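Here the structure is laid out as structure tokens; the discussion comes afterwards.
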Ligand SMILES: C[S@@+](CC[C@H](N)C(=O)[O-])C[C@H]1O[C@@H](n2cnc3c(N)ncnc32)[C@H](O)[C@@H]1O
């Protein structure tokens with residue numbers, strides 16, 4: 001009986017190819033199959049692939065390149081069958097004894113297509129050996145771009161998808177020193193409407209494509225251009241850093 005292959009979930013980092021890890025680069029060169037999520041069926045439009053091939057030239061990738069369609073939709077009648085097809089294509093190769101490296105933008109454990117695949121695979125092929133290779137996440141690439149630390153000392157931070165429930169922000173602001181709003185591209189207007197009357201707008205910084213050549217940082221949400229940017233986050237820093245560290249209390 002053929003031994004089942006090993007499955008890798010590889011984070012390729014937030015955008016700049018030279019932020020990809022050495023381990024990720026080695027596995028891309030060595031693994032039998034590199035599985036790549038694409039947004040549009042057959043179009044091979046993949047940010048993860050663009051990042052990966054900026055670090056390891058496509059010609060150095062000896063194995064099969066397997067593009068898998070992950071539609072950008074919230075409609076489960078569209079997404080679930082696509083995830084199942086993606087899982088089936090990976091399982092087919094694993095059962096042939098081939099090792100498969102699934103690449104994903106940022107880190108695989110952070111709001112990633114990997115989570116869907118992991119669930120599908122756990123049901124269909126529970127015996128498969130899985131190794132998760134962490135990558136630099138946007139959660140740390142964004143503060144690197146703003147220059148404002150996430151947290152220090154006794155401070156706390158949280159990460160919230162902006163698309164689900166910004167109405168909970170006033171409560172979170174009581175509890176946390178920094179709030180990272182992921183998937184914030186379409187939520188700039190509602191955030192301005194919420195933060196301005198609270199006099200909290202000056203705490204918000206907007207970053208798109210952190211670490212990439214096209215990185216943009218806005219210190220005033222009202223200056224953010226209208227067009228939708230998918231890779232955008234808002235860092236809400238309520239922290240009284242100097243006060244807490246120097247005087248033992250919030251500034
Ligand atoms: C599907 S999640 C993927 C997150 C990824 N796994 C990570 O670890 O960063 C996509 C969201 O992450 C955020 N994001 C990812 N990369 C980013 C970057 N380079 N700059 C700003 N935001 C980014 C955006 O909010 C985007 O809508």
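The values are calculated or read from the model by the stated rules, or taken from the named source; none is laboratory data. Everything numeric here is computed off the predicted structure, so don't read it as measured data. Positions of Cβ are generated from backbone atoms using ideal geometry, with glycine treated the same way; all protein chains shown enter the neighbour counts.
Some values worked out for this structure:
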item: Elements of type helices (runs of 4 or more DSSP H) in the range 125-227, at least 1 residues being within 15 Å of the ligand (Cβ to nearest atom); result: 138-146, 188-195
item: Answer residue from the range 63-85, given it is touching a helix residue (DSSP H, G or I) at 6+ places or on another chain (Cβ under 7 Å) and modelled with pLDDT under 95 and is farthest from residue 120 (Cα to Cα) among those; result: 73
